[in-house]
Amino acid sequence: MSAGDGVRSMNIAGTAAILRVVALLVCTPAGTAAVRQDPSTQQHAASIAQPLLDFWLGFHESETCLEIDAVFAFHEKGMEIWCVVESSGALDKLRQRVAPLRRHFRVDLYVTRPQKDPQEKGDRQPPPSLWNNRQLRSHVPETSDWTSAGMPDAAGETRVHADRDFLLKSRLQTFADQTLGLSRRARQYALDLGELYRVAVDPAAGKAASARARRILLAHAAALRRTLRRLEDNLEYALPPPSKAARRQSGKPERGTPVLAETVQAIARGTEEIHRRVYRFIYPSDHTVELGDLKEPDLLQSLAELQHTVSRVPKAR
């Protein structure tokens, strides 16, 4: 395709979550290089044209980052956006927003779409871990309106049983989808915090851009905390509550002013670990759920502690 169109479909291994290791990239003589950097590492925002930096900030400010998982690579002539897109509507919006920039910069989009779930159009079965989770199934309400009023006759009993199983499977699959969706959303917010921090503390970005990045960072942190709370609410239906000792330990207040760089790093590590453990809970490798696996420490306790860490972001310096 032509550079003017700038849209090329790429077969990218994995997802953009693997690729999105840096938001701001430094142009080198050999081309654009992507390097994983620590949040405390100084960035070279002065080498990025202000309209492009504003576009990147707007991408996060509008929370388009939740619809499109993207990596931005900046160079002296413009930028590249490598992204994984599920929604055609979201991609169209991105193209519309990019269009004005192309009058002055070269902007290339590299687009890929996630693989389709082979069961999406068929009979999706809930993971065995949830089907065998008695605590979760005990929270699925019994439904009396399987058929019209009255007891089914002998001929209808088989159909009623099938209807009941279908409804139970649907609810368990919905639980799995919602829980994994919340986990992915939390992970996305956490990844963005590190990138936003790097701009917020970079003097080369300018006061306005740095202040805007910090505002977006605080908004993402608040949204992350809400998402973690919703994830915790979901998991409480399926997991045993933390022990009293664990609750007392996680409830101890922390003294002093937290360091923002360290807090952001802790949130990124903690959210990535939560994401891994939630997926392992829904899809365990041996198709069973061992309670011992959930005590490293307790998943609900870890979620509570992570929410506490996120709550300290506005106080951090």
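The values are calculated or read from the model by the stated rules, or taken from the named source; none is laboratory data. Remember, predicted model here, so these are calculated numbers, not experimental data. Every residue, glycine among them, receives a Cβ derived from its backbone with ideal geometry; neighbour counts consider all protein chains shown. To get the accessible areas, we keep the full protein, side chains included, count just its heavy atoms, and leave off ligands, DNA and RNA. Shrake-Rupley method; radii C 1.70, N 1.55, O 1.52, S 1.80 Å.
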Inter-label distance for GLU86 and ARG137, nm, one decimal - labels placed 7 Å from Cα along Cα-to-Cβ | 2.8
The correct ranking of HIS104, HIS139 by accessible area at 1.4 Å, largest first, is HIS104, HIS139
Is there a pair in LYS77/LYS207; LYS93/LYS207; LYS77/LYS116 whose C-alpha atoms are over 27 Å apart, and which pairs would that be?
-> LYS93/LYS207; LYS77/LYS116
Would you kindly state how much longer the chain becomes between GLU63 and ALA204 on full extension, computed as 0.36 nm times their sequence separation minus their alpha carbon distance, in nm to one decimal?
-> 48.3 nm
